[in-house]
Amino acid sequence: MTAPLFPRVAIIGLGLIGSSLARCFQADPTLAGTVVAADRSDAVCARVLDLGLAAEAGTDAAAAVTGADLVILAVPIGACAALAAEIGPRLKPGAILTDVGSVKESVVRDMLPHLAAGVHFVPGHPIAGTEHSGPDAGFASLFQGRWCILTPPAGTDPDAVERVATLWRRCGSMVEVMEPGHHDRVLAITSHLPHLIAYTIVGTATDLEEHLQSAVIRFSASGFRDFTRIAASDPVMWRDIFLNNREAVLEIIQRFTEDLTALQRAIRWGEGETLEALFTRTRAIRRGIIDAKQA
Ligand code: NAP
């Protein structure tokens, strides 16, 4: 039998993303020899063992990473700095540390200072997810056909980057390597702004008078429903994303606000051709996404 890609893997945080990765390891034993899990919740650890997702599961992250060849942090990004401080001294020389956080510049800034020179840090972000959380929400095909962006700091060992890229490819993903700041600006427009808009629309609807509110729910299939799905995403995760990608998100909100004001003006002055030209352009973008199989 061929040796596994990583003899010993520790996953910290067994929610949607962590447990999906654990299911990938479960489905393909050539990826990891032994998988150990750590989560701050006893209930999550018990569930992980019930599901057979790890050989061991406990609340002590530092113990879990001891001797691991690959450590995957799959916790909200606000927890990364403290966890790096906790596990940093216990990582073995040559170990690879990666994460799955949705913002990359702040994660690199917060974690790197806690890592010894012999540890390879390869931050990552799978562009895959759902609005569900917890170990029961995960599934092995989550990453199939989705991009995973890796943002290794300058000077990272290329072999370590390649091993993490290989892991993601074997979980079904396509891999792109990017500079962390570029990642954060791209995601501000493709993911963070759409979530902010969804949170705003659903928030506005819940502030409506009661009689309007019930009609909104009854006739939600007209577009509102799609926003409610996005706005049901994990509150802690999204709080951390906005606090940690502050500059890029503020810049994109500024541009969005200007464009919205232009549309408001077009509606006010009856400029149908302005509206139609924009809607024609945006329809083409949707077709491009379908052609790229990212719909
Ligand atoms: P999740 O389902 O909420 O799971 C996170 C798990 O980590 C929970 O069990 C949580 O416990 C645990 N945790 C929190 N702080 C911890 C700590 N200090 N030590 C140990 N465990 C801790 O979240 P997720 O959706 O998998 O997201 C995890 C990461 O993936 C986030 O950084 C997010 O930005 C990124 N990501 C998410 C998506 C998505 O669509 N969900 C997509 C791509 C990337 P509690 O429940 O007790 O807090």
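Given labels modelled 7 Å from the Cα in the Cβ direction, how far is it in nm from Ala154 to Phe224? Placing both labels 7 Å along Cα→Cβ, they lie 5.1 nm apart. Given Cα pairs under 8 Å that are at least 6 residues apart, what percent is the relative contact order of the chain? Relative contact order comes out at 15 percent. Taking 0.36 nm per residue of sequence separation and removing the Cα-Cα distance, the Leu250/Ser41 pair yields an extension gain of 71.9 nm.
In a reduced charge model with +1 at each Lys and Arg Cβ and -1 at each Asp and Glu Cβ, the chain shows a dipole moment near 540 debye about its Cα centre. Have a look at the DSSP beta bridges in the chain and tell me what percent are antiparallel, nearest 5. Roughly 10 percent of the beta bridges in the chain run antiparallel, per DSSP.
Based on C-alpha pairs under 8 angstrom that are at least 6 apart in sequence, the range 182-291 has a relative contact order of 33 percent. Counting heavy atoms of the protein chains alone, Leu16 has an accessible area of about 20 Å² for a 1.4 Å probe.
From helices alone, the chain scores -15000 deg cm²/dmol at 222 nm; the rule is -39500 (n - 2.57) for each run of n ≥ 4 DSSP H residues, then divide by the residue total. Rolling a 1.4 Å probe over the heavy atoms of the protein chains gives the chain an accessible area of 53 Å² per residue. For the range 6-178, the share of accessible area belonging to carbon and sulfur comes to 54 percent (1.4 Å probe, ligands and nucleic acids excluded). Take every Cα pair under 8 Å whose residues are at least 6 apart in sequence, average their separation, divide by the length of the range 6-178, and the relative contact order is 23 percent.
Classify the range 47-193: rounded, prolate or oblate, from the alpha-carbon gyration tensor (a ≥ b ≥ c, eigenvalue square roots; a/c under 1.5 rounded; otherwise prolate if a/b is larger than b/c)? Provide the component values of the computation, followed by the final result.
Working: a/c = 1.42, a/b = 1.05, b/c = 1.35.
The shape class here is rounded.
The values are calculated or read from the model by the stated rules, or taken from the named source; none is laboratory data. Just so you know, these numbers come straight off a predicted model, no measurement behind them. Glycine gets a Cβ as well: all are built from the backbone with ideal geometry, and neighbour counts include every protein chain shown. Keep in mind that these areas ignore ligands, DNA and RNA; they rest on the heavy atoms of the full protein, side chains included. Shrake-Rupley method; radii C 1.70, N 1.55, O 1.52, S 1.80 Å.
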